[in-house]
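Okay, so here's the structure we're looking at.
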Amino acid sequence: MIKIKNINKSFGGLKAVDGINLEIGKGQITAIIGPNGSGKTTLFNLISGIVEKDSGSISLNGKNISRQEDFQRSESGISRTFQHVRLFKNLTIREHFEVALDDDKNLLKKIFSKNKDSGDEIERVMRLIGLEKNIETKANDLSYGQRKLLDIGIGIVKKHDVLMLDEPVAGINPLLRRKIKELIKVLREQGETIVIIEHNMEFVMDLADRVVCLEQGNVIFEGTAKEAQSSKEVLEAYLGK
Ligand SMILES: Nc1ncnc2c1ncn2[C@@H]1O[C@H](COP(=O)(O)OP(=O)(O)OP(=O)(O)O)[C@@H](O)[C@H]1O
Ligand SMILES: [Mg+2]
């Protein structure tokens with residue numbers, strides 16, 4: 001699905017992503033872990049085109065997307081959420097979804113030409129994220145957790161091949177964390193390909209088919225969640241050598 005070849009990105013003298021090679025398998029949940037500043041978000045930014053690579057290539061379903069702008073990659077099928085949720089505080093949940101769908105004019109055309117109301121899709125995702133009662137609520141009046149859910153919902157509602165979630169449960173209470181975990185499980189059952197950055201190991205263990213650990217912009221571990229738990233490399237990355 002996604003093939004990353006020797007991708008590099010430096011900020012000044014700092015190698016944030018240092019020659020990463022990675023394949024993201026279709027229909028799988030891949031978790032990206034690693035200590036603060038290890039390059040996880042930068043890797044997401046490189047994949048989604050928010051940050052320009054210094055070198056290397058990224059392909060999606062066999063097509064090289066490395067030279068595409070971020071909105072083109074979104075049209076190509078990359079959908080993502082942000083570590084620090086970006087919402088319009090005066091827009092309602094429904095309006096956020098409409099804006100998200102409107103970004104993708106072709107999709108909207110497609111929806112209308114099939115004579116299918118985009119409202120159906122919005123309703124489906126609203127029910128999925130469990131915010132259907134809040135559809136007319138402004139983002140400003142949502143709790144922190146509800147904002148995280150809305151951000152995930154926006155990522156889902158856009159037509160996509162891969163959904164990338166940057167710390168979807170950071171700072172969220174255990175109840176909502178469980179809810180988001182269940183939501184991600186449902187998405188996997190629906191065949192979604194998901195890449196998830198997360199520090200919460202319990203969350204990762206329950207969800208990930210595969211775990212990739214970064215340290216200082218390098219992949220230092222790849223394996224199952226269980227293997228990650230007993231990996232010396234992973235432990236040292238988090239605790240220091
Ligand atoms: N736009 C930028 N300009 C300068 N430095 C940056 C920029 N973005 C990231 N960095 C630096 O690159 C390194 C990797 O940052 P990144 O945000 O990718 O880490 P992360 O693994 O997502 O960390 P966290 O777990 O704290 O979110 C850090 O040292 C960070 O300060
Ligand atoms: Mg980050």
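Structure above, values below:
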quantity: Approximate spin-label separation D120-F11, in nm, with each point projected 7 Å along Cα-to-Cβ; calculated: 4.4
quantity: Per-selection Kirkwood Rh - the chain (Cα, Å, 1 d.p.); calculated: 18.5
quantity: FRET efficiency, Y144 to S55 (Cβ-Cβ, R0 51 Å, nearest 0.05); calculated: 0.85
quantity: Under 18 Å from K3, Cα to Cα: aspartates and glutamates that are on another chain or at least 8 residues apart; calculated: D18, E23, E52, D54, E69, D70, E75, D161, E192, D209, E222
quantity: The stretch 51-56 - phi-based ³J(HN,Hα) in whole Hz, Karplus 6.51/-1.76/1.60, Gly and Pro as x; calculated: 10, 8, 5, 7, 7, x
quantity: Potential extension, R127-N64 segment - 0.36 nm per residue separation minus Cα distance; calculated: 19.2 nm
quantity: Label-reachable residues, the stretch 222-241, where backbone N falls under 17 Å from a point 7 Å from N21's Cα toward its Cβ; calculated: 222-223
quantity: Expected 222 nm ellipticity per residue - DSSP helices of 4 or more, -39500 (n - 2.57), all of the chain, to 500; calculated: -12000 deg cm²/dmol
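Every number here is computed from the coordinates shown, using simple stated rules; none is lab data. Every value quoted in this text rests on a predicted model; they were computed, and no experiment measured them. Virtual Cβ from ideal backbone geometry, glycine too; neighbours counted across all protein chains shown.
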